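Heads up, the thing below is written out as structure tokens.
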Amino acid sequence: MNTKSAIRLGSNKSPVIISENHVKDFRRWWQLRIGTHKTTPVILLIDEIVYALHHDKIEDILKNMPVSVSEIRQIAGGENCKQFENAGRILTDWISAGITKDTVIICIGGGSLTDLGGFMAAIYKRGLRTVYIPTSLLSMTDASLGGKNAINCGEAKNQLGTIRFPEFTFITTAWFTSLPPSEMKSGYAEIMKHALLDGRSFIKTMLGIRNAEIAPSAQLLIRSIRVKMKIVTDDPYEKHGRHWLNLGHSFGHAYESYFNSLGKSISHGHAVALGLAEALCFSVKLSGFPPAVAADITKWLKEQFDFNNLPGWNDISAYILKDKKNLSSGIRLVLMKSPGKPVIQDMDEAVCKDIHAGFLSQL
């Protein structure tokens, strides 16, 4: 990537900026999207670990910017920050503090934090502007992109949410210097999802990656983001094709909720990897997906992620049945007919239970 320039992806409505000059380019895009003709009130919502490790970068980004920071709220990242009660406490604080409609919420962290911040901003005073600065590979390549946000209610994941686009999403790989290997791997699971949705060439590229604990090339990151942003641009409000991006997430969310209920939390990327492997099993059985390709991808996923001690149907059925994609007619899954060709499959619980048992038996 040319360090003297930034790459813009997505529509003008909510561009995604990939930059290696985070100070210069962030200021430029703030000027274009927010404006510099007056001082803008700002709240920073930031992952507490990111702030501890990178407060100097954050200060550099905001230095000499026409902003008035009314609050820097450090938040413990991860799925627990998305609980309904947590959002309620923060929103109550905003009301008490008299946060005004012209405030911009800058979310700096992983996908859980941009989910939380985006949701709260969308419902506070019928909508505050947001800017996302994702700091994990998973949030850069998927979770922070596309305007969807959601929080959890009890053990049910992503049941409350909106679609509201940030003013812009600003990506810089400067955060990778402190990203743990396990978090890097989580991002690769979402990239593999995008590869499946894109086609054989991208799948081949992913299967050639033997170490998912190191940062991806700029070209791979851009390629993955392009896949998602093309789908989002074609269907921003999930009326037809955007639901393809839920590939692997029905069972993925179920696994995530199940292990969380046991106090043995797994990362979202790990859960997506499990869900992708299961979606491929269903795709071979129901949609004619090539078994050899499914086997190659599942083998790659198992090399990167732990597939031991997965629960039986009775342990996860409640989560599957609560999945937000379901209709009154039954369970709805995103499957694959072939590389690059997703399909929606509706089925009853008995079929789902039977194929799930087969999936576990082949691991």
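In region 196-212, which residues are in contact with a Phe, Trp or Tyr (Cβ under 9 Å, 6 or more places away or on another chain) and either of a type in the set (S, T, N, Q) or under 20 Å from residue 171 (Cα atoms) (or both)?
Of everything in region 196-212, just one residue is in contact with a Phe, Trp or Tyr (Cβ under 9 Å, 6 or more places away or on another chain) and either of a type in the set (S, T, N, Q) or under 20 Å from residue 171 (Cα atoms) (or both), namely 212.
Within region 71-109, which residues are among the small types (Gly, Ala, Ser) and modelled with pLDDT of 95 or more? First the steps, then the outcome.
Taking region 71-109 first, the residues among the small types (Gly, Ala, Ser) are 76-78, 87-88, 96-98, 109.
Of everything in region 71-109, those that are among the small types (Gly, Ala, Ser) and modelled with pLDDT of 95 or more turn out to be 76, 87, 88, 96, 97, 98, 109.
Filter region 302-321 down to the residues that are under 29 Å from residue 231 (Cα atoms) and buried (at least 16 other Cβ atoms within 10 Å of the Cβ) and list them by number.
304, 305, 319, 320, listed by residue number.
Pairs please, first residue from region 251-262 and assigned by TED's automatic domain parsing to the domain that holds residue 277 and among the polar types (S, T, N, Q), second anywhere and buried (at least 24 other Cβ atoms within 10 Å of the Cβ) and at pLDDT below 95, Cβ atoms under 8 Å, 6+ apart in sequence or on different chains.
Short answer, once both residue conditions are applied: 257/157.
Could you run through region 40-78 and say how many residues are small (Gly, Ala, Ser) and surrounded by fewer than 17 Cβ atoms within 10 Å (Cβ to Cβ)? Step through it out loud before you land on a result.
Here is the first cut: in region 40-78, the residues small (Gly, Ala, Ser) are 52, 68, 70, 76-78.
If we keep only those that are surrounded by fewer than 17 Cβ atoms within 10 Å (Cβ to Cβ) as well, we get 52, 68, 70, 76.
The qualifying residues number 4.
Checking residue 130 against (1) over 25 Å from residue 23 (Cβ atoms); (2) surrounded by 24 or more Cβ atoms within 10 Å (Cβ to Cβ), only one condition comes out false. Which one?
(1)
Given the criteria over 25 Å from residue 260 (Cβ atoms) and of a type in the set (Val, Ile, Thr), does residue 284 qualify? Before the answer, list the steps.
Details: over 25 Å from residue 260 (Cβ atoms): yes; of a type in the set (Val, Ile, Thr): yes.
So residue 284 fits the description; yes.
Can you tell me which residue within region 79-104, out of those that are part of a loop (DSSP other than H, G, I, E, B) and of a type in the set (Ser, Thr, Tyr), is surrounded by the fewest Cβ atoms within 10 Å (Cβ to Cβ)? Write out each step before concluding.
Keep residues of region 79-104 that are part of a loop (DSSP other than H, G, I, E, B), which gives 98-103.
After this cut, where a residue has to be of a type in the set (Ser, Thr, Tyr) as well, the list is 100, 103.
On the way: 100: 11, 103: 20.
Taking the candidates together, the pick is 100.
Only one of these is under 18 Å from residue 268 (Cα atoms) and either more than 14 Å from the chain's Cα centre (by Cα) or of a type outside the set (Asp, Glu) (or both): 245, 221. Name it.
245
Pick from region 322-343 the residues that are among the hydrophobic types (A, V, I, L, M, F, W, C) and under 18 Å from residue 280 (Cβ atoms): which of them is farthest from the chain's Cα centre (by Cα)? Write out each step before concluding.
Of all residues in region 322-343, those among the hydrophobic types (A, V, I, L, M, F, W, C) come to 327, 331, 333-336, 343.
Then keep just the ones that are under 18 Å from residue 280 (Cβ atoms); that gives 331, 333-336, 343.
Numbers: 331: 23, 333: 18, 334: 17, 335: 19, 336: 20, 343: 21 Å.
Ranking the qualifying residues of region 322-343, first place goes to 331.
So which residues in region 25-48 are under 26 Å from residue 222 (Cα atoms), under 26 Å from the mean Cα position of the chain (by Cα) and part of a helix (DSSP H, G or I), if there are any at all?
Within region 25-48, 25, 26, 27, 28, 29, 30, 32, 33 qualify.
So how many residues does region 172-219 have that are touching a strand residue (DSSP E or B) at 6+ places or on another chain (Cβ under 7 Å) and either among the basic types (Lys, Arg) or outside the structural domain of residue 342 (by TED's automatic domain parsing) (or both)?
Summing the residues that are touching a strand residue (DSSP E or B) at 6+ places or on another chain (Cβ under 7 Å) and either among the basic types (Lys, Arg) or outside the structural domain of residue 342 (by TED's automatic domain parsing) (or both) in region 172-219 gives 0.
Please specify each residue of region 263-320 satisfying the condition of being at positive phi and free of Cβ contacts under 8 Å to residues at least 12 places away in the same chain.
263, 309 - these are the residues of region 263-320 that are at positive phi and free of Cβ contacts under 8 Å to residues at least 12 places away in the same chain.
Just to check your reading of the model, which residue among 215, 143 is farther than 30 Å from residue 289 by Cβ and either of a type in the set (Ser, Thr, Tyr) or in contact (Cβ under 8 Å) with a residue 60 or more places away in the chain (or both)?
None of the other options fit; the residue is 215.
The values are calculated or read from the model by the stated rules, or taken from the named source; none is laboratory data. This structure is a prediction, so every number in the text was calculated from the model and none was measured. So basically every Cβ, Gly included, is an ideal-geometry build from the backbone, and we count neighbours across all protein chains shown.
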